[in-house]
Amino acid sequence: ALCSQLYRYFPNKEGVITGDSEDTMFGGNYLSAFLKKTEEIANEYALYYLDNYYGSGINKKTRHLCFANNDGAHPIPYGRKLIAENMAKKLTEAFGE
């Protein structure tokens, strides 16, 4: 399986959020372009694509539950739980128990 990237946000030193993966460019592209390319690569190599970006439930509305203060990249236990639940559900649906 190939897993997608996760939602991220970017706080400055004062903790003010200056952007997130929906509105910030990386290397000249928005994360949505990288998500699409990741899925294309999975398909090209006949790998199962697991969407944690949209499937995990981690997003702008839930980020305060999923990340520690001033760290918009590394999920805390609740965020990791959402990722694990999404992965378990999707892999079970695709491959059985």
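The values are calculated or read from the model by the stated rules, or taken from the named source; none is laboratory data. What you are looking at is a predicted structure, and each value in this text was computed from that prediction instead of being measured. Counting neighbours? That spans all protein chains shown, and the Cβs are built from the backbone with ideal geometry, glycine included. Heavy atoms of the whole protein, side chains included, go into the accessibility calculation; ligands, DNA and RNA do not. Shrake-Rupley method; radii C 1.70, N 1.55, O 1.52, S 1.80 Å.
Among (1) assigned to a loop (DSSP other than H, G, I, E, B); (2) within 15 Å of residue 22 (Cα to Cα); (3) open to solvent by less than 90 Å² (accessible area, probe 1.4 Å), where does residue 61 come up short?
It fails just one condition, (3).
Any residue in the range 7-28 that's part of a strand (DSSP E or B): show its pairings with residues that are β-branched (Val, Ile, Thr) at Cβ separation under 8 Å, as long as the two are six or more apart or on different chains.
These pairs meet every condition: 9/17; 10/17; 10/18; 10/24; 11/17; 11/18.
Filter the range 64-93 down to residues that are among the aliphatic types (A, V, I, L, M), open to solvent by 50 Å² or more (accessible area, probe 1.4 Å) and either free of Cβ contacts under 8 Å to residues at least 24 places away in the same chain or more than 23 Å from residue 33 (Cα to Cα) (or both), then give me how many there are.
Total meeting the criteria: 5.
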